[in-house]
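The values are calculated or read from the model by the stated rules, or taken from the named source; none is laboratory data. Note that the coordinates shown come from a computational prediction; the quantities given were computed from them, not determined experimentally. Glycine also receives a Cβ, built like all others from the backbone with ideal geometry; neighbour counts cover every protein chain displayed.
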Amino acid sequence: MHYGFRGLEIYQLSFDLSVKIHHLTLKLPKYETYEEGSQLRRSSKSIPSNIAEGYGRKRYRNDFVKFIAYALSSCDETSVHLDILVNTNSISKEEHKYFINKYKELGIKINYFLRSITNNYLSRHSDKET
């Protein structure tokens, strides 16, 4: 059983994807391993890192929201790097499709999580103001 940030579905999915991306980038042509591959690894690993950091600051709503938003941004950035790699024929269309679909799914889940944080906070605090 996972507790804390490790119990979050968005963390688990993003962590698994970052490991898969890491392995994918090791198979890139040498010239891409250090250029686009490095950027792709960083953006994909940034997602679970930001989720963990945000969760660690969950007492401070603004920080929590900010880091989950960073995770969402890194998810979008990862998709851009994948688009570049497929358009430069560095990864196959099948690999691209697989990862784009997974990151789209992850982005939707992060977005719902972000809304949940915001809505829960607002609903808890709006009762106190009336």
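Points to keep in mind about this one:
- Candidate set from the range 27-52 (those that are among the hydrophobic types (A, V, I, L, M, F, W, C) and either within 17 Å of HIS96 (Cβ to Cβ) or in contact with a His (Cβ under 9 Å, 6 or more places away or on another chain) (or both)); member that is surrounded by the fewest Cβ atoms within 10 Å (Cβ to Cβ): LEU28
- Checking each residue in the range 53-85 for being buried (at least 18 other Cβ atoms within 10 Å of the Cβ), over 9 Å from the mean Cα position of the chain (by Cα) and of a type in the set (A, V, I, L, M) picks out LEU82, LEU85.
- Enumeration of residues in the range 91-120 that are at pLDDT below 95 and in contact with a Phe, Trp or Tyr (Cβ under 9 Å, 6 or more places away or on another chain): ILE117
- Taking the range 28-130 and the helices (runs of 4 or more DSSP H) fully enclosed by it, the elements with 2 or more residues that are of a type in the set (A, V, I, L, M, F, W, C) and in contact with a Leu (Cβ under 6 Å, 6 or more places away or on another chain) are at 61-87, 93-129.
- Of all residues making up the range 18-53, the number that are closer than 16 Å to LEU106 by Cβ and hydroxyl-bearing (Ser, Thr, Tyr): 5
- Checked against the criterion of being touching a His at 6+ places or on another chain (Cβ under 9 Å), closer than 16 Å to LEU13 by Cα and not β-branched (Val, Ile, Thr), the range 66-89 has no qualifying residue.
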